[in-house]
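Scroll down for the structure; my scribbles are underneath it.
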Amino acid sequence: MFDMQLPWWEFIVRGAIIYCLLLLMVRISGRRTVGQFRPFDLLVVMLLSESVSNSLSGSDESISGGLIVAATLIALNTLVAEATARSGKLARMVDGTPVLLGRDGQIFHDARRSARVTEGDIQQALHEADCSLKDVQYIFLESDGSICILQKKQDPQVGGS
């Protein structure tokens, strides 16, 4: 139960390699992967975890090996969070930057397609913001995958009560 089939350090190396490669793959796959999950997005995440489980443990089923891998992943996640909090450049590399999808009531369809955002996603964001397209000042795809709608400022009514 506690006897490991691999040396302890190999669990750390395996965990670090898998963590870095998955971080890179998720980053390449785009913001919508980490943003609002759809059923098939959740399925991909579940299959990803299953597909790398043997790579992490090297078919070792010991409790000790599992705890070493878990501690390695948590430590790496903490290190990346600390590093991105201290370095704006690293934060932009890991998290990305917002993408302008529209301005002044116009949707930038090339940017939308490039970011793999559907028109339905934008319509849903407009609905949630209780805003019509003609009242939009900016539409952003945030680095977390959410869509942010900024409305035009309303002109104050001229004339007094």
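The values are calculated or read from the model by the stated rules, or taken from the named source; none is laboratory data. Note that the structure is a prediction, hence the values are computed from the model and not measured. Heads up, the Cβs are rebuilt from the backbone with ideal geometry, glycines too, and the neighbour counts pull from every protein chain shown.
A few comments on the model shown:
- Residues in region 115-143 that are within 28 Å of VAL94 (Cβ to Cβ), surrounded by 13 or more Cβ atoms within 10 Å (Cβ to Cβ) and not hydrophobic (A, V, I, L, M, F, W, C): ARG116, ASP121, GLN124, TYR138, GLU142, SER143.
- Selection status of ARG103, at pLDDT below 85 and touching a strand residue (DSSP E or B) at 6+ places or on another chain (Cβ under 8 Å): no
- Filter result for LEU56 (in the same structural domain as LEU23 (by TED's automatic domain parsing), at pLDDT below 95 and closer than 27 Å to ARG27 by Cβ): yes
- Residues of region 89-123 that are within 21 Å of VAL26 (Cα to Cα) and of a type in the set (D, E, K, R): LYS89, ARG92, ASP95, ARG112, ARG113, ARG116, ASP121.
Residues checked against (1) assigned to a helix (DSSP H, G or I); (2) within 21 Å of the chain's Cα centre (by Cα); (3) more than 18 Å from PHE140 (Cβ to Cβ):
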site	(1), (2), (3)
ASN54	yes, no, yes
SER59	no, no, yes
LEU67	yes, no, yes
ILE74	yes, yes, yes
ALA81	yes, yes, yes
ARG112	yes, yes, no
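- Of the residues making up region 85-103, those that are within 30 Å of GLN151 (Cβ to Cβ) and touching a residue at least 40 places away in the same chain (Cβ under 8 Å) are ASP95, GLY96, THR97, PRO98, VAL99, LEU100, LEU101.
- Of all the listed residues (GLU82, GLU61), the sole one being under 30 Å from ILE147 (Cβ atoms), surrounded by fewer than 16 Cβ atoms within 10 Å (Cβ to Cβ), out of contact with any Phe, Trp or Tyr (no Cβ under 7 Å at 6 or more places or on another chain) and not assigned by TED's automatic domain parsing to the domain that holds SER146 is GLU82.
- When ARG14, ARG27 are checked against the criterion of being in contact with a Leu (Cβ under 6 Å, 6 or more places away or on another chain), assigned to a helix (DSSP H, G or I), at pLDDT 70 or above and surrounded by 11 or more Cβ atoms within 10 Å (Cβ to Cβ), ARG14 stands alone in meeting it.
- Checked against (1) in contact with a helix residue (DSSP H, G or I) (Cβ under 7 Å, 6 or more places away or on another chain); (2) at pLDDT 95 or above, HIS127 passes all but condition (1).
- Filter pass, GLN157 being among the polar types (S, T, N, Q) and modelled with pLDDT under 90: yes
- Hey, VAL80 at pLDDT below 75 and β-branched (Val, Ile, Thr) or not: no
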